[in-house]
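Here's a structure for you.
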Amino acid sequence: MINKKTKFLVIDDDYATLVLVKATLTKRGYTDIDVFQDSQKASAALSTNSYDVLILDLYMPKIDGFTLLQQISHSDNPMPCIIAMTAHAEQENKIRALELGAKTVLTKPFDINLFVQEVELQITQLN
């Protein structure tokens, strides 16, 4: 059974991606979704809040997703399930993200059905 009380943090500098991800999660019944287009503000939220699932773009201005992954791994907060996203689909980017703690890496643009399947697979593994 999937826990619809799952707390999400979505970080992406692309506004359209934020809107799509939040709308998709909302349609699936999830209601606790924080979104940030600014990675510095997201970093502050990560340091003061606990999240179950982090959906994270790897390439952003200010603080990139790789740096955020490193910060999370050194944090006192529980490690969220991390789903990374990137338009830079080179294998070394995926490997680096996985080594830093991401559970999976999706290539943008992604198929929305595949995105939902991956999110729900990761949530079932949390429980």
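Leaving out ligands, DNA and RNA, and with a 1.4 Å probe, what % of the accessible surface on the chain is carbon or sulfur?
Its accessible area is 51 percent carbon and sulfur atoms.
From the helices alone, meaning DSSP H stretches of at least four residues, give me the mean residue ellipticity at 222 nm for the chain, per-run term -39500 (n - 2.57), in deg cm²/dmol to the nearest 500.
Dividing the helical sum by the residues of the chain leaves -13500 deg cm²/dmol.
Averaged per residue, what accessible area in Å² does the range 12-127 show with a 1.4 Å probe, protein chains only?
For the range 12-127, the solvent-accessible area averages 52 Å² per residue.
So, one more: For the range 45-107 and the range 1-36, what is the separation of their Cα centres, given in Å?
If you average the Cα positions of each part, the centres end up 15 Å apart.
If you count only protein heavy atoms and use a 1.4 Å probe, how large is the accessible surface of Glu99, to the nearest 10 Å²?
Using a 1.4 Å probe on the heavy atoms, I get roughly 150 Å².
Go ahead and set up a Gaussian network model of the chain, Cα springs under 10 Å, then flag whichever of Ala87, Ala23, Ala44 fluctuates most.
Among Ala87, Ala23, Ala44, the largest GNM mean-square fluctuation belongs to Ala44.
Running a GNM on the chain with Cα contacts under 10 Å, which residue among Val53, Val105, Val19 ends up with the highest mean-square fluctuation?
Fluctuation is largest for Val19.
Most mobile of Leu106, Leu46, Leu114 per a Gaussian network model of the chain (Cα springs, under 10 Å)?
Most flexible of the set in this elastic network: Leu114.
Still on this structure, please answer the following. Quick check of the Kirkwood formula: for the chain, what is the inverse mean of 1/r over all pairs of different Cα atoms, in Å?
Evaluated on the chain, it is 14.4 Å.
Report the local net charge at Leu121: Lys and Arg +1, Asp and Glu -1, summed over other residues whose C-beta lies under 15 Å from its C-beta.
Result for the neighbourhood of Leu121: -2.
Which residues' amide hydrogens lie under 5 Å from the amide hydrogen of Val35, considering only partners 5 or more residues apart or on another chain, with H built in the peptide plane?
Excluding prolines and chain starts, which carry no amide H, the hits are Val10.
Output the Cα-based Rg and Dmax of the range 22-72 in Å, rounding Rg to one decimal and Dmax to a whole number.
11.5, 32
Something else now. Select from the range 59-107 those trypsin sites (Lys or Arg not before Pro) which occupy a DSSP coil region and have at most 15 other Cβ atoms within 10 Å, ordered by residue number.
Passing sites in the range 59-107 are Lys62.
From Cα pairs below 8 angstrom and at least 6 apart in sequence, can you work out the relative contact order of the chain, rounded to a whole percent?
Contact order relative to length: 24 percent.
Also, I was wondering about something else. Name the residue farthest towards the positive end of the dipole of the range 1-51 from the options Gln37, Val10, Tyr51, assuming +1 on Cβ of Lys and Arg, -1 on Cβ of Asp and Glu, about the Cα centre.
Value: Tyr51.
The values are calculated or read from the model by the stated rules, or taken from the named source; none is laboratory data. These figures come from a predicted structure and were not determined experimentally. Ideal geometry is used to build each Cβ from the backbone, glycine not excepted, and the neighbour counts take in all protein chains shown. Note: accessible area is taken over every heavy atom of the protein model, side chains too, but ligands, DNA and RNA are not part of it. Shrake-Rupley method; radii C 1.70, N 1.55, O 1.52, S 1.80 Å.
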